[in-house]
Each structure stands twice: as C-alpha cells, then as structure tokens.
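Read the structure below first, then the notes.
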Amino acid sequence: MSEPAQPLVHRRSFLSGAATSAAAIAAAVPATSLSADTPAHVEVQTTERPGADFMTEVFKSLGFEYLCANPGSAFRGIHESIINYGGNYKPEFITCCHEESSVAMGHGYFKVEGKPMLVFAHGTVGLQHASMAVYNAYCDRVPVFIVLGNNLNAATRRSSVDWLHSVQDAAALVRDFTKFDDAPVSLPQFAESAIRAYKIAMTAPSAPVVLVADAELSEVPIVGRADLVIPKLGFTAAPAGDSASVAELARLLAEAENPVIVAGRLARTNAAMAHLIDLAELLQAPVVDSGMRMNFPNRHPLNLSGNSRALIENADLILGLEVPDFYGLVNNIGRQLEYSSHPITKAKLASISAGDRLAKSNYQEFQRYQPLDLDIAADAEATLPSLVEAVQHRLTADKKRAFEARGVKLAEQHTNILAKARLDASYAWDACPISVARLCSEVWGQIKNEDWCLASQSNLFVSNWPLRLWDFEKPYRHIGGSGGAGMGYGAPSAVGAALANKKYGRLTVNIQTDGDLMYAPGVLWTAAHHRIPLLTVMHNNRAYHQEQMEVQIVANEHNRGITRTSIGTHLNDPPINYAKLAEGMGMLGIGPIEKPEDLAPALRRGIETVKRGEPVLIDVITQPR
Amino acid sequence: MKPLAILVALTFAAILNAADADNGKKLFTADGCYQCHGRQGQGGSAAPVGSYGPRLAPPTIPVEALRAYVRHPSGGMPPYTAKVLSNSEIDDIYAFLKTIPAPKPVKDIPLLNQ
C-alpha cells in the first residue's frame, strides 16, 4: 500500500478555489498571441480545478480503500485526479490487466471486507470485458461499485477512437444483472447518484451498481460552483421477517421431529454464523451448509452437510436460509437423456430469503419455482435473532430433553461423516497425478496453525475436500463461490480477498483450477506488482474437466465417439507450466510438483515467502477431481 | 458348494483370468471412466448437496453387476451401450480395478488425523 501523498488542493478549500484558477491561466496568455483586429478569444489550455477532483472527493467520502481498474481513456480525467489530487490513497489505484479481473477482485474483496470495491472501466470496451464478472457478482448478491467512463457529448469527441468508445446508454449492457445505474449530467447529480448507488448496493439483497462518469464532466474546469455538496451517506436496515411469520416458523421448528436447516447465501456479515449456531443449538437441529458462504463451522457437531441427501429425504421440516435453488434441494433431477424430476421429501418447506426482492426477468438465475409452505421474503441474517427469540419462547422442559437426545444422535452422525471423509481421502493417497484429497490434506497440514483464509471455492472442482477435511471455525475462513458459475472468477477473486486480508495479516490460500486461471492470468502480475500476499496452489488437471464430463455424457447418449471428448477440453498439448507463468509475472513460481511427497517442502517454501508479503504460485499436477 | 454354483464360479473366474487388466487401464482413461471416478477408481466429487463418481476400486461388486449398471445406469452416469463398449472391455476394466490395492489404514496417515 502506498503512503498517502498530500493532495494538491486541500479538501476544505475545494470550493473556494474552484472559480479562480481558469481565469488565472487565461490571464497568463501572452498579449502577442492576440490579433489586434478581432475580439480576443483566449484558449484555455489548463485547469487546476477539473470536475474529476470533485468526483474524487465523492469517492473519498464513501471510504473506498482501493480502486481496481485497467486504465482507459474514457475515464482518464478521474484516473489522473485519483492519483494526483487524491494522492492515490483511499482509494489506491490497483492496476489490473483485464476488467473482468477488476470486478472479480472486487467480488473477492467484499466477501472478506464487507465493503464494496470501486472499479473503473471504459463504458464500452471495458464493460464488455467486465460483464461476466458483473454477472457472477449479481448472482452471488455481492455489491461492486462500477464507474464507467463515457463521452456522451458527440460534439467534443476528438478522435475516431473516442467515437468507438462512446455509447448512448452505457449501463444498458449490464442492466439485466445490476441493481441500479445512473448517468449523471452534472456534478451535483454525480454526487447524489454516487451516494444513492452506494446505499442501494449495500441494501440487502446486495448487488453491483453502475455510475457513468462523463468524460467531459470530469475534465472541464469547475467555474463558480457553489452547489457542489456531497450528500451524507445513510444505510438502510436489512428487511427482517414480520413477527407473525417468524412466530409461525418458530412453532413449526419447535414441533418438528426431524427439522433440517439449510444455509445458502445466509452470511451477509460476520455476525450470521453466531446467529445460526444459536438457532441450531437451541433446536439441536442439523445444519447443511451449502458452501456458498461461511455460514456454520464445519466441525460443529450439528453440521451434517455430508449427509444432506438422507437428511432431506427424512425431514419433516426443511428451513432454507437464502437458498437460491430450493427446487434443486428437494427434488431429484435426472441426468439421463429424458428429463425427469421427482420430489425426494414430504417435508414441510419454509424459507427466509430476500431473493424475490431482487428479481429480474431476462437472466434465469432465479431457478425453478418451488412451492413453499411458509415463505418469508426477508433477509435471513436480519431475521435470525428474532427467530431465535421466538423459538426460545416455545421451549418446554420436555422439548429441551427431546432436543438434547436428538443432538446426541446428530453428533454421532457428524463424527461418522468426518471419519468417512478421511477414509475416502486415503484412497489414491500416493497416486501420481496427485489426488485432490492429498493435495488439500497437505495444504491443511501446513496452514492449520496459521490465521488462514481459503479464498477459493470448496466445491465439486475440488471434491469439496477442504470443507470435508479442514477445520473452518471462523466467519472469514472461506469466501464461498462465484455465484454465476462463470469461469475466470477464481484467480482474481482470490487476489481481491488477499488484498482485503493483507491488513489483518492473514495467510490467504487459493486452490486454483488451471482452466480458470487461463482466462485472465494477468491478475498474477497485479498480485506481484502490489505485493499482495497470496499462496496459489494449482489444481492442475490439465483440462476444462467439467466440460469434458458434459461432452462425455452426450457422446455416450449419442452412442459414438466416447474416446474423443478430450478434443476441445484438454489443456495438455503443450502442457502449461504455471510456475514459469508465475515467474514471468514477477512472483515466485514452484513446480510443477508431480509426486505427493514433494508437496510439503514446496508448500513450506511457498508459505515462508507469502509471510514476507509476496504472492507465490505452486503448480501441482493433479487428478481430475 | 453345489456343482452348479461351482461351475458358475469357475466360469466367472475364467472370464476374469481372460480379462486384460492392462487394456482395462487404457480403457478406463480412454473411455472417460476416470473423469468421475478418478484415475485409481478412488471416487470423485462430493458436494454438500449431491455427489457423483463413487469409488470403484478395489471393486466391491461382482463383474456382472458392473456390466448391468454400465448398460443401464441411474443418477448422473451416462449409459455405455454394447455399441461403444463391449462386455469383454468391461471385463478388462473390472480386471484393472481389481489390481488396485486397498489403501493403508487412515490411522497410519498422519495428515488424515489432524
């Protein structure tokens, strides 16, 4: 992080100086340059009070720590103001090599810090690069504050590129998957819209917002402006469930014999985990944590995520907390050629979710419709405290005894799940390529005594090994998934998470899939350039493996070519040397590691370097999953 | 053991003896089995909700059960018809799976006891 430089203009004198500088420059033009016969027109060539300085003040007022951007001429005025007028401090400019990386870094940053990242992009070419990452953030209900440079006034476009990079309605490209946008035509409107956008982005359910910053507005002088004020930022309380619905849910939970709590995108803040522990322990009810957020400690005796299917089948009440795909949770959807689907449970279904409060039509991320017995359209985290209280009021001594007996049985199941995970991991333990279970176990062995954060998904790509084998006991131990299942998210979101973790001194670990990294590997350079400590351990199976599996299914269904599915899906000819790639980006690269016994020394060496404040990449040749 | 049972057992033993484990290993990769089940048949993905690619090695089911399932699978596995995978090739794959030893006990792997 750079030291704060002294702003060229003190913020408090911003307005008082705004009217004078342009006139001062005009007066300095030599008299000999003027014609004696015509009225003098003095070309103003400089200004020390551009509109961008006010925009910078607006950004500072919102408390952004960082600004992620690939430089773009459409916002050059704000770029210059941020680094000179603003002193490149809060926000500090983080140089990105792709706009998708900028937004995805913001995605990962928020999941650790709980505050939005500021992102700049060209309104045209930059936003087109960024759009996939915007979609991921939208699906994952993560706010990112995106500012688009644009030159709306055609009369002042100077070059053909200015025309190519101008657009009537810049935000239209992502309006289907953002929560709010505006294109202010004045500086006062810019300030008001920025504050409004920030507030809306942070109001649950959160999502990205877009503000178009007009280039002309940012570069022309501010003359005689007494109207430049920045409105005070206010926050909206998250919508909590109404008391009648909460009371009814408490009744259902207290009376259920086999309730199951399923946590989706529950944890909006670090407070959520404690609330969910309170509810689960009060009821002695099992919790299935989807892995979308760090909702519940995985070693808690009531965490039965590894037994989810049986729990769902045998439940008499299922409570979903911000579960985006309730239908998929309670139905079996066949994978064979003919579509088939059937319910797997007769349980009553209850949901607390703010999902319907941010519903848009075009992109189908809202999933298949599932009828529910009790549907509370509210933020689950905000509702949990009142639900806990309502359940407490319903507990009798008899119920407490029954719940305790249930809890003992569930704890036994939890122990068995962990034992099974360890047994499963023992298979192919010494295999080459290295099993993903071995890889994850070796990483855990090296980080377990550190203050760590897993900044990658514990999902199908890694057979969920981290959540099966590690001990996730704190809210920041992992950051969940991408939201939109859009590839290219992993590496930049991990760098963003590591950037947020830096000031806390946490060891950030990213188990990085190879295909994902190849979308925009330039983010490794960003990590090296800004000295962002991050341990990247490659899960290098040399394929877009999920896609190969998809093609394999179809080849089998079509009764042909079952041996040809590597075409278009493998990344092995030539094999990519990620250690060399990392070295080329200016960071320590280790590997490729092909033998399991070589993992521990490589990890120790890598962690030593990360602890010195540097990013490191270790390339590991792995099994598919 | 009754004579008929002995005959059946001997027949299956003969089938397995005739099976080619080396070819089975090649097929296990070439035909995509490894994609879900791992290169040593150790099993694949397990998610909080749902899973697929169960462990295959060492095999715990008889070869005829494997044949039957491969032809008409349920769940996430796609079918392998006789047009793309013959019975003898399934037998070869089964023979390969039988060559894979059981792992050492978990208690003997320190990293799995942390």
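The values are calculated or read from the model by the stated rules, or taken from the named source; none is laboratory data. Remember, it's a predicted structure, so these values are computed and weren't measured experimentally. Virtual Cβ from ideal backbone geometry, glycine too; neighbours counted across all protein chains shown.
Could you tell me whether any residue of segment A:603-613 is farther than 25 Å from residue B:31 by Cβ and not in a helix (DSSP H, G or I)? If you could, list the steps in order and put the result at the bottom.
First, pick out the residues of segment A:603-613 that are farther than 25 Å from residue B:31 by Cβ: A:603-613.
Remaining after also requiring not in a helix (DSSP H, G or I): A:612-613.
Yes, segment A:603-613 contains a residue that is farther than 25 Å from residue B:31 by Cβ and not in a helix (DSSP H, G or I).
Restrict the check to segment A:421-435 and report whether at least one residue is within 32 Å of the chain's Cα centre (by Cα), more than 9 Å from chain B (Cβ to nearest Cβ) and buried (at least 21 other Cβ atoms within 10 Å of the Cβ).
yes
Sort out which residues of segment A:148-166 are out of contact with any helix residue (DSSP H, G or I) (no Cβ under 8 Å at 6 or more places or on another chain) and of a type in the set (S, T, N, Q), and write them in order of number.
Correct list: A:159, A:160.
Could you say whether any residue in segment A:280-288 is at negative phi, touching a residue at least 24 places away in the same chain (Cβ under 8 Å) and among the polar types (S, T, N, Q)?
So far as segment A:280-288 goes, no, none of its residues is at negative phi, touching a residue at least 24 places away in the same chain (Cβ under 8 Å) and among the polar types (S, T, N, Q).
Pick out the one residue from A:455, A:485, A:494, A:498 that is surrounded by fewer than 23 Cβ atoms within 10 Å (Cβ to Cβ), of a type in the set (A, V, I, L, M) and away from chain B (no Cβ under 12 Å). Full working, then the answer.
Numbers: A:455 fails: surrounded by fewer than 23 Cβ atoms within 10 Å (Cβ to Cβ); A:494 fails: surrounded by fewer than 23 Cβ atoms within 10 Å (Cβ to Cβ); A:498 fails: surrounded by fewer than 23 Cβ atoms within 10 Å (Cβ to Cβ).
None of the others qualify; the one that does is A:485.
In segment A:436-452, which residue that is more than 26 Å from the chain's Cα centre (by Cα) and facing chain B (nearest Cβ under 7 Å) is surrounded by the fewest Cβ atoms within 10 Å (Cβ to Cβ)?
A:445
So is residue A:291 closer than 17 Å to residue A:141 by Cα, within 14 Å of chain B (Cβ to nearest Cβ) and assigned to a strand (DSSP E or B) or not?
Values: closer than 17 Å to residue A:141 by Cα: yes; within 14 Å of chain B (Cβ to nearest Cβ): yes; assigned to a strand (DSSP E or B): no.
The answer is no for residue A:291.
What pairs can you find where one residue is in segment A:128-148 and on the phi > 0 side of the Ramachandran plot, the other is modelled with pLDDT of 95 or more and of a type in the set (Ser, Thr, Tyr), and their Cβ atoms are less than 6 Å apart, with a gap of 6+ or different chains?
A:141/A:206
Working only within segment A:337-391, note down all residues that are in contact with an Asp or Glu (Cβ under 9 Å, 6 or more places away or on another chain), surrounded by 14 or more Cβ atoms within 10 Å (Cβ to Cβ) and of a type in the set (Asp, Glu).
The answer is A:375, A:379, A:381.
Hey, among A:169, A:162, A:227, A:182, which residue is under 23 Å from the mean Cα position of the chain (by Cα) and either outside the structural domain of residue A:117 (by TED's automatic domain parsing) or over 28 Å from residue A:351 (Cβ atoms) (or both)?
From the options A:169, A:162, A:227, A:182, the qualifying one is A:182.
Tally the residues that are part of a helix (DSSP H, G or I) and among the hydrophobic types (A, V, I, L, M, F, W, C), restricting the search to segment A:436-456.
7
Test of understanding: among A:276, A:319, A:372, which residue is in contact with a strand residue (DSSP E or B) (Cβ under 7 Å, 6 or more places away or on another chain), assigned to a helix (DSSP H, G or I) and under 17 Å from residue A:246 (Cβ atoms)?
None of the other options fit; the residue is A:276.
From A:257, A:216, grab the single residue that is in contact (Cβ under 8 Å) with a residue 40 or more places away in the chain, surrounded by fewer than 19 Cβ atoms within 10 Å (Cβ to Cβ) and touching a helix residue (DSSP H, G or I) at 6+ places or on another chain (Cβ under 6 Å).
When all the criteria are applied, what remains is A:216.
Restricting attention to segment A:219-251, which residues are crowded, with 17+ Cβ neighbours inside 10 Å and assigned to a loop (DSSP other than H, G, I, E, B)?
A:220, A:222, A:225, A:228, A:230, A:238, A:239, A:240, A:241
For segment A:459-482, which residues satisfy the criterion of being in a loop (DSSP other than H, G, I, E, B), closer than 30 Å to residue A:134 by Cβ and either of a type outside the set (Ser, Thr, Tyr) or more than 9 Å from chain B (Cβ to nearest Cβ) (or both)?
Answer for segment A:459-482, where residues must be in a loop (DSSP other than H, G, I, E, B), closer than 30 Å to residue A:134 by Cβ and either of a type outside the set (Ser, Thr, Tyr) or more than 9 Å from chain B (Cβ to nearest Cβ) (or both): A:459, A:464, A:472, A:474, A:475, A:476, A:477, A:479, A:480, A:481, A:482.
Among the helices (runs of 4 or more DSSP H) contained in segment A:489-599, which hold 3 or more residues that are of a type in the set (A, V, I, L, M)?
Once the helices (runs of 4 or more DSSP H) in segment A:489-599 are filtered for at least 3 residues that are of a type in the set (A, V, I, L, M), what remains is A:490-502, A:522-529, A:545-557, A:578-584.
Looking for whichever is touching a residue at least 24 places away in the same chain (Cβ under 8 Å) and either facing another protein chain (nearest Cβ under 8 Å) or surrounded by fewer than 19 Cβ atoms within 10 Å (Cβ to Cβ) (or both) here; the options are B:59, B:103, B:78, B:73. Which one fits?
After applying the criteria, what remains is B:59.
Looking at (1) away from chain B (no Cβ under 14 Å); (2) within 30 Å of residue A:558 (Cβ to Cβ), which one does residue A:336 not meet, given that it meets all the others?
Of the numbered conditions (1) away from chain B (no Cβ under 14 Å); (2) within 30 Å of residue A:558 (Cβ to Cβ), the odd one out for residue A:336 is (1).
Suppose the filter is out of contact with any Cys (no Cβ under 9 Å at 6 or more places or on another chain) and crowded, with 24+ Cβ neighbours inside 10 Å; does residue A:303 pass it?
When the stated conditions are applied, residue A:303 passes them.
Pairs please, first residue from segment A:540-560 and facing chain B (nearest Cβ under 8 Å) and in contact (Cβ under 8 Å) with a residue 12 or more places away in the chain, second anywhere and of a type in the set (Gly, Ala, Ser) and surrounded by fewer than 20 Cβ atoms within 10 Å (Cβ to Cβ), Cβ atoms under 7 Å, 6+ apart in sequence or on different chains.
Close Cβ pairs satisfying both conditions: A:548/A:566.
Quick test for you: out of A:392, A:364, A:336, pick the one residue that is more than 23 Å from residue A:286 (Cβ to Cβ) and more than 28 Å from the chain's Cα centre (by Cα).
A:336
For residues that are surrounded by fewer than 24 Cβ atoms within 10 Å (Cβ to Cβ) and over 29 Å from residue B:44 (Cβ atoms), scanning just segment A:508-539, find the one that is farthest from the other protein chains (Cβ to nearest Cβ).
This residue is A:529.
Of the residues A:227, A:176, A:162, which single one is at pLDDT 95 or above and of a type in the set (Asp, Glu)?
Exactly one residue qualifies, and that residue is A:176.
Among the residues of segment A:401-417, are any in contact with a helix residue (DSSP H, G or I) (Cβ under 6 Å, 6 or more places away or on another chain) and either within 14 Å of chain B (Cβ to nearest Cβ) or of a type in the set (Ser, Thr, Tyr) (or both)?
Checked segment A:401-417: at least one residue is in contact with a helix residue (DSSP H, G or I) (Cβ under 6 Å, 6 or more places away or on another chain) and either within 14 Å of chain B (Cβ to nearest Cβ) or of a type in the set (Ser, Thr, Tyr) (or both).
Search segment A:561-577 for residues being touching a residue at least 24 places away in the same chain (Cβ under 8 Å) and away from chain B (no Cβ under 14 Å), and hand back the single one that is nearest to residue A:589 (Cα to Cα). Explain how you work it out, then say what you get.
From segment A:561-577, those touching a residue at least 24 places away in the same chain (Cβ under 8 Å) are A:569-572, A:575-577; that's our starting set.
Next, from what is left, pick out any that are away from chain B (no Cβ under 14 Å): A:571, A:575-577.
Details: A:571: 19, A:575: 16, A:576: 13, A:577: 10 Å.
So the residue we want is A:577.
Just need a number here: residues in segment B:81-96 that are away from chain A (no Cβ under 11 Å) and under 14 Å from residue A:556 (Cα atoms).
1
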